[in-house]
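Since the structure comes first, as C-alpha cells, the remarks are kept for the end.
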Amino acid sequence: MRATVFKDFRLYCSHSVAAFGTEHKCNRNHGHTFRIRVEVTCPVNAHNGIAIPFHEIEDAWEKTGAKLDHTCLNDTLGENATTEFLAMWLKSKLEHELNQTIAITVQETETSGVILT
C-alpha cells in the first residue's frame, strides 16, 4: 500500500516579476505569505506502518526552503521571480534532500497558486 504524506509550511517573502512589464503592479517589489505543501507518495512500511516520517520532510525543509523566509526571492530566483519558478526551485531542492519524487503546491494568495507533480 502507498500513502501520500504531506507537510505544510509558510514563507514570508517579497518579489517582483519583470515578465509583466514595467507598468504592471507586480513589477514593483511586493510581499506574500506563501503557503507551501510538500507531498511525498511512497510505500507504507508493513512492519511499522510509516511511509515517511514527518520529521524527514521538516528536516529537508529546514535545509532548503526555510532559508528563503523573509528574503527577496529575486535574490535567489532572478529578475523574474514568479510563483512557478519558486515552485520549481523548491521541488528540485527538496527532491534532492529527500531522495524522493515529490509534489509541491505553492499558494501565493488565498485564490492563486501553482501545483507541480
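With a Förster radius of 25 Å applied to the beta-carbon distance between T117 and D8, the computed FRET efficiency rounds to 0.90. Each residue, A66 and H96, gets one label point 7 Å from its Cα in the Cβ direction; the gap between the two is 1.9 nm. Here the simple spin-label model places points 7 Å from the Cα toward Cβ, and for M1 and A103 these points are separated by 1.9 nm. Take every pair of alpha-carbon atoms less than 8 Å apart whose residues are at least six positions apart; their mean separation over the length of the chain yields a relative contact order of 31 percent.
Computed about its Cα centre, the charge dipole of the chain is approximately 120 debye, with only Lys, Arg, Asp and Glu carrying charge at their Cβ. A full extension of the chain between A51 and H24 corresponds to an added length of 5.2 nm, given 0.36 nm per residue minus the alpha carbon distance.
Coordinate-derived values only; no laboratory data. Computed from a prediction, not measured in an experiment: that's the story for all the values here. Quick reminder, even Gly has a Cβ in these numbers, built from the backbone with ideal geometry, and neighbours come from all protein chains shown.
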